[in-house]
Amino acid sequence: MLVVQLAENIQREDLHPLEEGQHYQAMRDAGITLEDIAHTARVGEQRVRQRLQLLQLHPDAQQAFMEGRLTLGLAHQVARLPTHQQ
């Protein structure tokens, strides 16, 4: 049931990339593979990995991203840095 609900939420057009990553993480926590997540969400595995990477953002950076103060590209670059450097 959780998987179905998450899959439906992922299909929303207004879903922020960080929220998308949170849904993918919930699916991972439920034991679903990246391949199966990508298939369920109808996206590539690379997109799933990228959205999951956004969860590595420091909470302040996550908030800035959600508020539109960070672009998706910049958010990905920042997420690659150790938390103390973000």
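Quick note: the coordinates plus some simple rules give every number you see, no bench work behind them. Please read all numbers here as calculations on a predicted model, not as lab measurements. Here the Cβ positions follow ideal geometry from the backbone for every residue, glycine too, while neighbour counts run over all protein chains shown.
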Notebook entry, point to check: When the Karplus curve 6.51 cos²θ - 1.76 cosθ + 1.60 is applied with θ = phi - 60°, which whole-Hz ³J(HN,Hα) does each residue of segment 31-40 get, with x for Gly and Pro?
Noted result: x, 8, 6, 4, 4, 5, 4, 4, 5, 5
Check: How large is the helix-only mean residue ellipticity at 222 nm for the chain, computed as the sum of -39500 (n - 2.57) over DSSP H runs with n ≥ 4, divided by its residue count, in deg cm²/dmol to the nearest 500?
Finding: -18000 deg cm²/dmol
Next item on the list: Using 0.36 nm per residue of separation minus the Cα-Cα distance, give me the extension gain between residue 85 and residue 43 in nm, one decimal.
Entry: 12.1 nm
Margin query: What are the equivalent ellipsoid semi-axes of the chain, built from the alpha-carbon gyration tensor (square roots of five times its eigenvalues), in whole angstrom, biggest first?
Written below: 23, 13, 11
Checklist line | Relative packing of 70-77, 17-24, which averages over residues the other C-beta atoms within 10 Å, highest first | finding: 17-24, 70-77
Next item on the list: Round to the nearest 10 and give me the degree value, 0 to 90, for the angle of helix 17-29's Cα axis relative to the longest principal axis of the chain.
Entry: 50 degrees
Check: Taking Cα pairs under 8 Å and at least six residues apart, what relative contact order does the chain come out at, in percent?
Finding: 26 percent
Next item on the list: Could you sort 33-40, 46-53 so that the peptide with the highest average Cβ count within 10 Å comes first and the rest follow in order?
Entry: 46-53, 33-40
